[in-house]
Structures are given as structure tokens and as C-alpha cells.
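One structure below.
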Amino acid sequence: MQKKVIEEDDVGVKARSVLWYLSFIGFAMNYMIRINVNIAIVDMISPEFKGKSITSSECFEFENTTMLIANKTDSLDHDAKYVSLEKRFLDYIGANYDRDGFKWDAKKQAEVLAAFFTVHFATQLPGGILAQKYGTKLVFGISNFFGCITCILVPIAAYYNFYALIWLRILQGFVAGAAWPAMSHMVGKWIPPNERSKFVTAYIGSSIGVSICYPIFGFIMKTTSWENVFHFCGIVGTLWFIAWQYFVYDSPEHHPRIHENEKEYILQALGSSVVRGTKPKYQTPWKAIFTSVPMWMNIVAQWGGVWGLFTLIAQAPTYFKFVHNWGIEMTGILSGFPHLLRVIFSLIVSTICDHLLTTNKMTRTNVRKLATFICLILNGFFVIGLAYSGCDVFTAVVLLTISLMLHGSVSSGALASVVDISPNFAGVTLGINSTFSTFSGFISPMIVGYLTAGRQHNVEPWKYVFLICSAMQISCGIIYMIFSDSSLQPWNKPRELQHNRDTAKNTTEEDGELRAIRK
């Protein structure tokens, strides 16, 4: 007789709810590390250099001499009121540095924005493997904490030397790359199949990292200095890490405060699809994984999604600053607001998708295809509209907002499918997935830098930036719709290590001998 499923109505605060909130904030921290330079760079550039870079615009009138004098005056007044810790230190030791901003052209600015992603791919697969071996609590926690705490060094590195900043950002990207695949391993251990769409919305915490941090950073830069943006990241990241270490555990069996009913419910729901134990030892089926069509389709979907997302979140502040002449506070608010809608939309879509799965109204594969259609194909058409919005700032804001909002359905699409096809190896498969897809986060800013070099204020180069973005999204979405499969794959069932197989073999032989004696 089938065992009755445990009810959870009276368990109080669920351990996996706490896990969701801290994971959500953790992903916000992870993206805070990525995007802090995107908005800070607007104030990091020398006012004189900004004046030289912008001489005319199709969308607003620019008085070069007047603006240049105003920027100089504002900069001097600002320095008189707020003197950064870094400047105090550099003045004390008598160092030579660019006090009034950095003289970086569009190419150098693109290098700064792309530096984080230069080797970001290199720790994606190791992150999944390390989580499988040592646990997500350690890998996800250390990855985010290191990235946040090293933000404190960004201002002094920038003042010291341009390439010191580049290398620091490369190091941050390298370590932070392990976080995403590590979390998928924990999802496989904790979350019942029909709850994965909703739980994976925690990944969209990255959007909260953008929607909240952009306006906060804008306020910090307006009232104090851009250096304090990076100090803020270090402090907030440290507080999150303390909470993560205390409340989070790698599996329900390890959690000392989880309600017994919740633990039993999770274990029953996951059943035999997940290998359990203190340190389960099994071989990773590398050949089966790398020859799996469903796994490669998730990579294709993520490539298109990451290209679109990273292009828009990294370039929105620069685009609105130079094309539409927005101030830093307005840039912060309206660059961040679409990401808040992305979170809300993600929660709505995930609730609908989990309902479709629970009531058996759609197959798991079709649910993931539906979400990916919204995330990529429908999204891509709005980005085409953004490309042709020209100087119409209202239309640009609306289309950018809708585009980023629609990307929220990724949590119910390819991201959830990674766990669907193999909960046992979700960390490894997402690591492989992210290894490829994060290349788009490196390539996209370089293309933007090439297209907009010396023409950041012109509409035409930005049109091609957005058209390339939409082409990536729509083409990847079509491929996914045709070939994807989100059913549990045969290679999810792991083979035991040789030691365990030998033990099982010896036991079988001994049983055979006993049966022979009895006969």
C-alpha cells in the first residue's frame, strides 16, 4: 500500500521558505556585485572628458561649454563637502591619482563593464562539482561573500591603476561564478518537483539586486560619492553571509530545526529521484550529460536569455544617460524599476506553471516551453520595438520595462528544466550551462563598446545593439521550442563508485553461496 503523503498545514515557518528568502537575497547580492560598476561608472568619468565625448545629440540640445563649467563647479562643491576615505589615504601618502574623475573613453568603459565576465565562465562547472562534494551552503555562501567584501577595494584599485581595477573585477567574476550552479544542487535536494517553478523564482532575486540597488546607488552617488556604492555592497554582503551561515543547511536531513512533517513531506515528494545521505558517493555520467539533447537545449535558451538580460541591465544607465540625457537619480530609478516588475511577473508565471503541473493540465515539457516562449520569443519582439524607439523616451522606457519583465518567466522555463531533467546532477548541468551562457555576458559589452565608440549619444548605434539582442533571443527561443525536453532523464540515476559496486557484488556472491549450501 502506498504511504499517505504527510500534510504540512501545521508546521509553522517552513525551512524551505526561509531557504527561499535567503537564496533570493543571495542572488540579489550576486547581481549587486555585477552591476554596481554599471551605474557608478557614470560618475567615475571625468567631467572634462564627458564634455569632450559629447558634442551633439539627436535627442537633446547640449551646450558643451556651459555644461562643462557646471560639471566642474558641481565636482568642486561635491569634493568640498564629501571627501572619500580613499582620497584621504592617497593624499596622506602623497600618491598621484585622478582626483576629478577618470579619463576613460568608450572602449575603456566597455572593458571595465566586461571585466567581471572575462573568466566568469571558468568557475561555473567547478561550482556545481564543489557543491555536489562540499554542499551548496559553503560554495554559494563563500562565492557571494568574497564578491561583496572585495567591492570595498574597487575605489582604491581604480585610483591606483586602471588595470588594477580590471584585474580586481576579473577576480570578483571568477569567484562569484560558482554561486549559480551551486544553488541548483540544493534545489534538487530540497524542493518537490511541483514546487520548483515557484522556488526557482529565488534566482530572480538578481532583479531585486538591480531594481533596489540602482536607485540606492543613485541616491548614494548624488548625496555622497560613487566610492560609497562599493562600501555599501561590502557591508550588506557581510550581513547576509552571517544569516546564511546560521539558517541554511544542505538538505532536510541536516537541518536541526526543521519540522518533522515538512522533512517527511519533502523526502516523500522527491522519492527515489534524489540520492540521499550524508555524503552520497556516485559517479557523474559525463558522456551521457554532454550528449544529452535536453541539456544542450537548456544551454541554448540560457544563452539567448543571458544575452538579452545582460545587454539591457548593463547598458541601460549609459543608454539613458547619453541618449536621453537623464540625471543620475532618474537613471537609477528607471533603470531599476523594470527589474522589480520582473520579480512580480516571475512569481505570477511560476504560480500558474506550478498549478498546470499539479493539476496535470500540461506536461512538464510543455510548461517549460510556454515559459521560454514568453522569456525569449515574445520578449525579443519588444526589444525590436526598443531598437526603433529613437528619441521617444516614453516608448523606450515602456518597451525596456516590458522586455525585462517578460524575462522573469525564465524561472519557470530553462532554469527549472535544469533541475527537472536531473535533480541529482543539477549543479553540474547548470555549471556546464552557465559556462557557455556567461560568455554572452562578456561578448555583449564588447560589441556595445565597438558599436558605440565615440557615438554613445547617437541613436543609430544603439539601434543595432538592440537588434542584435532581439535576434539572439528569438533564434534561441525557436530552437528551444522545437527540440527541448524537460522529462527526467535516464542518466539521472547515478552509478555507484567502484568501492560500493564491489561491496554489492561481494554481498551478492555471499548470498549465492548461502543459497547453494541451503539447497
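The values are calculated or read from the model by the stated rules, or taken from the named source; none is laboratory data. All of these numbers come straight from a predicted model, not from anything done at the bench. Note: ideal-geometry Cβ built from the backbone for every residue, glycine included; neighbour counts use all protein chains shown. Remember, those area values only see protein heavy atoms, side chains included, never the ligands or the DNA or RNA. Shrake-Rupley method; radii C 1.70, N 1.55, O 1.52, S 1.80 Å.
In terms of packing, defined here as the mean over residues of other Cβ atoms within 10 angstrom, the peptides 408-418, 465-475 line up highest first as 408-418, 465-475. Note that the range 467-482 has calculated 3J(HN,Hα) couplings of 5, 4, 4, 5, 4, 4, 5, 5, 5, 5, x, 5, 4, 5, 4, 7 Hz, one per residue in order, obtained from phi through the Karplus relation 6.51 cos²θ - 1.76 cosθ + 1.60 (θ = phi - 60°); glycine and proline are x.
Using C-alpha pairs below 8 Å separated by at least 6 residues, the relative contact order for the range 115-183 is 62 percent.
What shape does the range 333-453 have by the C-alpha gyration tensor, where a ≥ b ≥ c are the square roots of the eigenvalues, rounded means a/c under 1.5, and otherwise prolate means a/b greater than b/c and oblate the rest? Taking the square roots of the gyration eigenvalues as a ≥ b ≥ c, the range 333-453 is oblate.
Can you give the local net charge around L488? Use residues other than it whose beta-carbon is closer than 11 angstrom to its beta-carbon, Lys and Arg +1, Asp and Glu -1. In short, 0. Database remark: amide H of F102 closer than 5 angstrom to the amide H of I45, S46 (H placed geometrically; neighbours at sequence offset of 5 or more, or on other chains; Pro and chain starts carry no H).
Taking all protein chains as they are arranged and a probe of 1.4 Å, the heavy atoms of F394 leave approximately 150 Å² accessible to solvent.
Phi angles across the range 365-382 convert, under the Karplus curve 6.51 cos²θ - 1.76 cosθ + 1.60 with θ = phi - 60°, into 3J(HN,Hα) values of 4, 5, 5, 5, 5, 4, 5, 6, 4, 5, 5, 10, 6, 4, 4, x, 5, 5 Hz, Gly and Pro given as x.
Look at the Cα gyration tensor of the range 397-484: its axes a ≥ b ≥ c give a/c of at least 1.5 with a/b over b/c, and that counts as prolate.
With all protein chains in place and ligands, DNA and RNA left out, the 1.4 Å accessible area ranks C233, C391 as C391, C233, largest first. Accessible area ranking (1.4 Å probe, heavy atoms, ligands and nucleic acids excluded), largest first, for Y92, Y203: Y92, Y203.
Taking D354, D392 and ordering them by how much accessible surface each has at a 1.4 Å probe, largest first, produces D392, D354.
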